[in-house]
Each structure stands twice: as C-alpha cells, then as structure tokens.
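These notes concern the structure reproduced below.
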Amino acid sequence: MITNGGDQPNVIPPLASVWYFFREIDFENIKRNYEIGNKIAEAAAMMTDTKVTRKVVGIAAPRHFNKPIAEAVQSNIARVGMPQWTDEEQIFAKAVQRLVDGAEIGLNTGPKPLEPPPAQPISGGSDDIGDVSWVAPTVTVRYPANIPNLPGHNWSNAIAMATPIAHKGIVAGSKAIAMTLVDLLTRPELVREAKTYFTDVQLKNNKVLPLLAETDMPQIQINRETMDRYRPQMRAYYYDSAKYDTYLDQLGVKFPTVARAPAP
C-alpha cells in the first residue's frame with residue numbers, strides 16, 4: 001500500500017513511503033520474504049541514487065495449535081451442542097446469504113468435526129494468537145455467533161453481531177470453553193498430554209525464528225488520528241445495558257428485519 005506517493009502528478013516527490021505485508025505459512029519463508037523485500041528496496045534506492053529506511057510495523061507468527069486440548073474442546077462442543085435456532089433466525093440468515101450471493105443454507109444445526117491441518121496450507125492467519133501458540137499450548141474456539149457463507153472481512157459479516165444469533169452462539173462457545181477449563185483443572189493427564197505435544201511434537205519439528213529486532217518498537221501511533229476523529233461519534237452508539245435489554249432495542253430495530261414471503 002502506497003502511504004505517501006507525492007502530492008502532484010508527474011513530479012518526483014522528495015519523500016515517498018510504501019507499506020508491505022509479507023505473508024507465508026512458516027517462520028523460514030516469512031523471514032525470507034522480508035529479506036527479499038528489503039533487498040529490492042535497497043536495490044531500487046541504489047538505482048535512483050536515493051536513500052531508503054525501514055521499520056517493522058508488526059509481526060504475526062504462524063499458528064500451531066495443541067492437539068490434545070483441541071480434542072478436549074471438541075468433545076465439549078459435542079456435549080454442548082448447537083443453539084436452537086428459531087424460524088425467524090433461519091429466515092434472517094438466508095436473507096443475508098442471498099444478499100451477498102452466498103449459499104443459502106441458513107444457520108448450521110450441527111457442530112463441525114475436528115479437522116487435521118491441511119496437507120498443503122495456502123495461507124495463514126495474521127494475529128498475535130500465533131505468537132502465543134509458540135510460548136504455551138494454545139487452541140482457538142470457533143463458536144456459531146455469525147452467519148456462514150459470507151465473504152469475510154466484509155460489512156455483511158457484521159450484521160449478526162447485534163442479533164440473538166450472536167448471543168446464542170457466544171453462550172454456546174462460552175460453555176464449551178468453561179467445560180474445557182474444568183477439564184484442565186481436574187484432569188492432570190490432559191495437562192501432561194498437552195505439554196508433551198507442545199515440547200515433543202510442535203517445538204521438536206519446527207524451528208522458531210525471531211521476527212523482531214531489539215530496535216523494533218510498538219507502533220502505537222497508528223490509527224491515533226482516525227480514532228481521535230471518530231471516537232466521539234462512536235460513543236453515541238455504545239450499548240447502555242442499564243437502559244436497554246438488547247442493543248437492537250437501543251437502536252430501535254425490530255428483529256428480524258425481513259418479511260416472510262406471502263403464501264402462494
């Protein structure tokens with residue numbers, strides 16, 4: 001992303017900046033891509049008789065999750081089961097899916113099985129849970145708080161967040177997490193299995209490479225100007241649980257916001 005390309009066309013600016021995101025699925029190739037990017041930037045500076053500087057804005061380690069804990073979580077997900085969706089919630093979900101050309105299956109009625117990592121992963125996530133997963137046995141839990149078959153990173157994925165769909169899904173996910181915490185506190189063998197997997201499988205078969213230097217600093221100034229501008233406007237939409245039972249009540253929105261088709 002070009003963050004500063006000058007302010008006039010056909011004029012070479014005295015200063016320009018670009019933001020690159022190097023993405024891969026393992027430490028070695030992340031670092032390799034970063035080194036290639038640096039080499040290209042340095043070569044371009046030499047070609048144009050200019051200078052180049054760089055700074056790391058952030059890093060995200062590849063994720064590796066703990067199999068024994070994941071199996072325990074999956075067992076508890078099966079025990080909790082899926083929320084009982086109403087007809088109105090299913091109608092709403094299908095309407096949203098139709099709106100973005102997604103498969104109109106509505107809300108899932110059964111949990112998905114635990115799946116092994118793909119044999120040939122194409123890409124990975126980009127958040128700091130990956131960094132945590134190399135320090136301690138880690139898992140993530142996906143709970144049914146959203147509508148499936150939506151594009152992802154899209155406005156449509158935010159629609160369900162203030163609806164009963166999200167509330168029911170969060171409750172189901174919280175139950176599975178709480179039950180797994182009880183397992184970890186009461187089943188010493190599960191803790192031992194998790195530690196053994198972490199040390200004898202994860203760390204043994206993967207080389208962890210540092211991606212940050214001691215000179216890299218947290219870029220806490222990013223988005224400060226944007227948040228200073230919009231935060232006051234956002235406050236008007238903060239949920240006031242003392243006055244309203246739900247956020248939709250506060251907004252004056254009746255759920256669901258779709259009408260049933262007339263009978264033929």
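Side notes on the structure shown:
- For the chain, lysine pairs separated by 8 or more sequence positions, or belonging to different chains, with Cα-Cα distances below 19 Å total 17.
- Computed [θ] at 222 nm, helices only, for the chain once each DSSP H run of length n ≥ 4 contributes -39500 (n - 2.57): -12000 deg cm²/dmol
- The base-10 log of I(q)/I(0) for the range 67-209, evaluated at q = 0.16, 0.17, 0.19, 0.20 Å⁻¹, reads -1.00, -1.07, -1.21, -1.27 [Debye formula, identical scatterers on Cα atoms, solvent excluded].
- Cα gyration tensor of the range 113-161 - equivalent ellipsoid semi-axes, whole Å, descending: 24, 15, 13
- Separation of the residue 79 and residue 174 label points, Cα + 7 Å toward Cβ, nm: 1.8 nm
- Highest to lowest packing among 182-188, 55-61, scored as the average C-beta count within 10 Å: 55-61, 182-188
- Taking 0.36 nm per residue of separation and subtracting the Cα-Cα distance, full extension of the segment from residue 20 to residue 203 would add 63.0 nm.
- In this label model, residue 238 and residue 55 are separated by 3.0 nm, measuring between points 7 Å along each Cα→Cβ vector.
- Over all orientations, the chain has a Cα convex hull whose mean projected area works out to 22.0 square nanometres.
- Selection of chymotrypsin sites (Phe, Trp or Tyr not before Pro), the range 13-55, meeting DSSP coil and at most 12 other Cβ within 10 Å: 19, 21
- Label zone at residue 215 (point 7 Å along Cα-to-Cβ), backbone N below 19 Å, the range 30-55: 31-32, 34-46, 50-55
- Alpha carbon convex hull of the range 163-209, projected area averaged over orientations, nm²: 5.2 nm²
- Kirkwood analysis of the Cα pair distances in the range 2-47 returns a hydrodynamic radius of 12.5 Å.
- Full extension of the chain segment joining residue 91 with residue 119 gains 6.4 nm, where the gain is 0.36 nm per residue of separation less the Cα-Cα distance.
Values in this text are rule-based calculations from the coordinates and carry no lab data. Bear in mind the structure is a predicted one, so any value in this text is a computation, not a measurement. Reconstructed Cβ throughout: ideal geometry from the backbone, glycine too, with neighbour counts over all protein chains shown.
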